[in-house]
1. For the chain, what is the calculated [θ] at 222 nm in deg cm²/dmol (nearest 500), taking -39500 (n - 2.57) for each run of four or more DSSP H residues and dividing by its residue count?
2. Between segment 208-261 and segment 144-193, what is the C-alpha centre distance in whole Å?
3. Which of 141, 227, 95 moves most in a GNM of the chain, Cα contacts under 10 Å?
4. First compute the accessible area of the chain with a 1.4 Å probe, then give the percent of it belonging to carbon and sulfur atoms.
5. Per-residue accessible area for residue 183 at 1.4 Å probe radius, Å² rounded to 10?
6. Which one of 61, 170, 101 has the biggest mean-square fluctuation once the chain is modelled by GNM with Cα springs under 10 Å?
7. Give, rounded to the nearest 20 debye, the magnitude of the charge dipole that the chain has about its Cα centre when Lys and Arg contribute +1 at Cβ and Asp and Glu contribute -1 at Cβ.
8. What relative contact order, as a whole-number percentage, does the chain give when Cα pairs under 8 Å and 6 or more residues apart are counted?
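The values are calculated or read from the model by the stated rules, or taken from the named source; none is laboratory data. Computed from a predicted model, the values in this text were never measured in an experiment. We place every Cβ from the backbone using ideal geometry, glycine too, and count neighbours over all the protein chains shown. Please note that ligands, DNA and RNA were not included when accessible areas were found on the heavy atoms of the full protein model with its side chains. Shrake-Rupley method; radii C 1.70, N 1.55, O 1.52, S 1.80 Å.
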Amino acid sequence: MRNLISYYYQLEPIDIHQSSHYYTFIVKNEKYRLQEVSNIAIDQVYHFMMELLERGIYTHQIVKTITNEYSVVFDQKKYVLLKYYVDEKEEISLPILEEFQNQLMYIPFSKPSKSRRWSDLWSEKIDYFEYQMSQFGVKYPVIRESFAYYIGLAEVGIALFNTYFDAEEQTILSHKRIKCTSTFYDLYDPFNLIEDVKVRDSAEYFKSLYIKKGNILMEISMYLRSPSLSNYDRMLFFIRMLFPSFYFDVYEEIMDNQKSDEPLKEIIEKSKNYDQLLREIYNELSNYMTVPYISWLKKM
């Protein structure tokens, strides 16, 4: 790896630290990460990154090779070199996340890839998950016993989204995935950015916070009181909370890597009262708007 970095980037790192999907190193007190990327239009991310930089908005900077390429290939995997200036271990907070979005809300720029309709994406995922379980479910008893509950939550979210979604709603810069344990590196990673409605990030943040902490109704109530949120925003937030990404993320990792489903036991245990949190959010929404009747959420 040292030879590759030296040859393609003319950088001479002394110590290179390897993680599962990236390598980090320092040269002349500047931090770099050689980061594995999937099948993505790197040139579009690069031009978007430069456009933000021209407007004084920081993201990690893509470093081209000496042959002006955006990426290199190593062991049949594609890597991009990023220079960054943040503490990659420091976790973000919700105010930091909101501040990042707010500074971009009224700045015109060519946005990165746009999120597909949540209902379309979620429906495709569920169909595929159900196919997987029909073929391989016998190998995964923990998944088999818990699967229907989480699919049911997602299907309620899909139905509500199809009822309430407004295609003309303003979108802003969001993240493909952000959690309460995400770091400043994740926040400013240009490959983690996506165009979507503003409650996407906060909902993902709160779902992960629930798994980490448990009762978070007070924090969510304070968030929903924000004057910057419309009732439409509040409903989309609730819909996003209905989709149990904390379960499906682990599910996909298990299925993609053919691992044991034992790690899901912790998620299932921590989320056993998640429907109670959803009921409380549902009741909280009634303080702001007329909410649709959902029988199982009415049962206390």
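1. Rounded to the nearest 500, the figure is -15000 deg cm²/dmol.
2. Centre-to-centre distance over Cα atoms comes out at 8 Å.
3. With Cα springs under 10 Å in the chain, the top fluctuation among 141, 227, 95 is at 227.
4. 49
5. Taking all protein chains as shown, residue 183 has close to 20 Å².
6. 170
7. Roughly 280 debye for the chain.
8. Normalised by residue count, the contact order of the chain is 15 percent.
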